[in-house]
Amino acid sequence: MQEKHQLSSLIQLIDDPDDHVFEQVRTELLAMGEVAIPNLEEAWESNLFGLVFQQRIEQLIHEIQFESLLTNLKAWADAGASNLLDGVIILNRYQYPDFDQEAMLKKLEQIQQDIWIELNTNLTAFEQVKVINHILFEIYGFSGNTADYHSPKNSFLSVVLETKKGNPLSLSLIYSIIAQNLDLPIYGVNLPRHFILGYLDRFSLYKTNDIYTSDVLFYINPFSKGTVFSGKEIDYFLEQLKMEPKKSFYQPAKNTTILKRALNNLEYSYRKVGNEERIREVHRMMEQLKDASSEDEQA
C-alpha cells in the first residue's frame, strides 16, 4: 500500500518544471522497474497534465522496458544462449514490448505442423529441403523484402511472420528454427553481406557431436526461396567481395553471433535514417553479447 502511494506521488511530480526534481523522480521510478508501468500507463491515459507529462511518461516506460530487456538478454547469453528462439523473442520486445508472443508461437507451430505432415523418413536431405521450401515460399508466401530491404521491421520476427517479408537473416531464422524443431540439422551460417543456412552431414555430426565443426552437405538461401548451392559458390561470392575465406563463413554460427548479426542489421537500419538514440540502445544490447563473434555484418 505504501509503495502504491509512493508511486502515485512520484507520478504527480513527473511534469515538475524543475529538471532536478524530474531527474530524481525518474531515478526512483526506474529503480522500481516494471511494477511501475501499469500506473504510468494509467496516468498517461488520464492525460491530467498535458503533452509534456505524456511525453515524459512514454520515455520512462520505454526506459524501464529497455532496462528489463538488457537484463533478460544478458541472462540468455550467460545461460549459454542454447535456445535461439528465446533470444529472438527478447529482441522482438525491443520494438514491440507488448506483442502477442503466444500468437507468434502458434504461427510458427502451424507452419511446422504443415511441413511435418509432408515429411517422411525416406526423403533425402535435398528432398526434405524441397518440402520446406514448398510450404514456406509457395504455400505461405514468404519472400525477401526487396522493396524495403533495410527497414528495421525486417529484424523483428513477429512482423516478418505477419507480413511474410523479411531480410536474409529473419527468413533464415524462421527456416532454421522450424527445421531444428523437426530434427533436421539446418543451422545459420554467418556469411558476410548475406546470411544463409547450412544442412549438416548427419554422419559427420554423429562423429563430432558438435554442430560448429561438422561437415556441411549443402547450403540454402532462404532469401531466394530456398535455393540450394555448394561451398564453391561461397568461394566465388567471397572473391567478388574481395574477402579472404574464413572458416566461420562456411560453418554454423553460435546463437549469440546470430543475434549480434541481427543487432548489426538494426544499427545499419537506424543509421540510414539518422536515429542516434536507437543506435546507442543497439550498442547497449550488443554489450550483453560480449562472447559473440566480431565478424558479423549487416543483412
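In this structure, is Asp100 surrounded by fewer than 12 Cβ atoms within 10 Å (Cβ to Cβ) and either over 30 Å from Leu10 (Cβ atoms) or of a type outside the set (Ser, Thr, Tyr) (or both)? Here the answer is yes, as Asp100 does meet what is asked.
Quick one: in the stretch 5-42, which of the residues that are small (Gly, Ala, Ser) and at pLDDT 70 or above is farthest from Glu67 (Cα to Cα)? Before the answer, list the steps.
First, pick out the residues of the stretch 5-42 that are small (Gly, Ala, Ser): 8-9, 31, 33, 36.
Then drop every residue that is not at pLDDT 70 or above, which leaves 31, 33, 36.
Numbers: Ala31: 10, Gly33: 8, Ala36: 13 Å.
Ranking the qualifying residues of the stretch 5-42, first place goes to Ala36.
Criterion first (part of a loop (DSSP other than H, G, I, E, B) and closer than 19 Å to Ala125 by Cα) does Ser214 satisfy it? Yes; evaluated as a whole, the condition is true for this residue.
Between Ala299, Ala262, the distinction of being at pLDDT below 95, crowded, with 17+ Cβ neighbours inside 10 Å and among the aliphatic types (A, V, I, L, M) belongs to Ala299 only. Of a type in the set (A, V, I, L, M) and under 14 Å from Phe126 (Cα atoms) - does that describe any residue in the stretch 218-234? Scanning the stretch 218-234 turns up at least one residue that is of a type in the set (A, V, I, L, M) and under 14 Å from Phe126 (Cα atoms). For the stretch 181-197, indicate whether the set of residues that are in contact (Cβ under 8 Å) with a residue 24 or more places away in the chain, part of a helix (DSSP H, G or I), farther than 26 Å from Arg271 by Cβ and in the same structural domain as Lys246 (by TED's automatic domain parsing) is non-empty. Yes: one or more hits. Quick check: is even one residue across the stretch 269-281 of a type in the set (D, E, K, R) and outside any helix (DSSP H, G or I)? No.
The values are calculated or read from the model by the stated rules, or taken from the named source; none is laboratory data. Treat the numbers as computed from the prediction; the structure is a model and nothing was measured. So basically every Cβ, Gly included, is an ideal-geometry build from the backbone, and we count neighbours across all protein chains shown.
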